[in-house]
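Worksheet for the structure shown next.
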Amino acid sequence: MNPWNTRFQNESYVYGTEPNVFLADMQRKLPLSGDALAIAEGEGRNAVFLAEQGMNVSAWDYAESGLSKTNKLADEKGVKVNTQLVDLNEAVWQQNIWDEIVCIFGHFPEVLRKKTLQGVKESVKPGGYFITEVYSHYQIPYNSGGPQKLELLYKPEEFLNVFSDWRIVHFFIGEVVRHEGDLHNGLSHVIQFVGQKTE
């Protein structure tokens, strides 16, 4: 049984319906348009927000219940999101097709994490952006959300190494306060990364 499919089966949105604060802030600051992909998107709050900004949005998740709620939220907001049932272990990353890729609190085992970051790097168009906020490997004692397994949490060098030849627009590791539904609440330790593909 897919635990995320079970988690998202309730009527309520476990991470809320508002976009991640960091993502919303970056969207205001950057000249973003065109085709966006939200990976490990859950119940769709960030994908729907991107669509509200006028982007052509696809959302990948491997929980059918989450994708159903993404479509429901999009309908309520009067926008369209192209939802796709995708297991990132089997994802096919096409080269240079996205103007923006977003990953908000998408946590995976180390091998899949490396594969996914490489896939993101290949699939963003030259001039496009990757925007992410995730829990760092310091998060566990905070008890404010995220995995309780160290191997599922990120270290800053993962982003700095993979995207070493990109322009770094924003990079931060440290404490923030998040209130996102029932499961992300309180002082948290995160990594934020925004990179632009230069060629």
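The values are calculated or read from the model by the stated rules, or taken from the named source; none is laboratory data. Everything numeric in this text was worked out from a predicted model, so none of it was measured. Cβ: placed from backbone, ideal geometry, glycine included. Neighbour counts: every protein chain shown. Heads up: the accessible areas ignore ligands, DNA and RNA and are worked out on the full protein's heavy atoms, side chains in. Shrake-Rupley method; radii C 1.70, N 1.55, O 1.52, S 1.80 Å.
Every condition in (1) open to solvent by less than 50 Å² (accessible area, probe 1.4 Å); (2) closer than 18 Å to residue 42 by Cβ; (3) modelled with pLDDT under 95 is met by residue 153 except one, and the failing one is (3). Within the stretch 101-116, the only residue that satisfies the criterion of being among the basic types (Lys, Arg) and in contact with a strand residue (DSSP E or B) (Cβ under 9 Å, 6 or more places away or on another chain) is 113. Number of residues in the stretch 179-199 that are at pLDDT below 95 and assigned to a strand (DSSP E or B): the value is 5.
Given the criteria part of a strand (DSSP E or B), open to solvent by less than 40 Å² (accessible area, probe 1.4 Å), within 16 Å of residue 43 (Cα to Cα) and of a type in the set (A, V, I, L, M), does residue 59 qualify? Spelling it out, residue 59 is indeed part of a strand (DSSP E or B), open to solvent by less than 40 Å² (accessible area, probe 1.4 Å), within 16 Å of residue 43 (Cα to Cα) and of a type in the set (A, V, I, L, M). If the condition is being open to solvent by less than 30 Å² (accessible area, probe 1.4 Å) and not in a loop (DSSP other than H, G, I, E, B), then the stretch 127-150 contributes 128, 129, 130, 131, 132, 133, 134, 135, 136. Note on the stretch 12-56: residues that are in contact (Cβ under 8 Å) with a residue 24 or more places away in the chain, acidic (Asp, Glu) and part of a helix (DSSP H, G or I) total 1.
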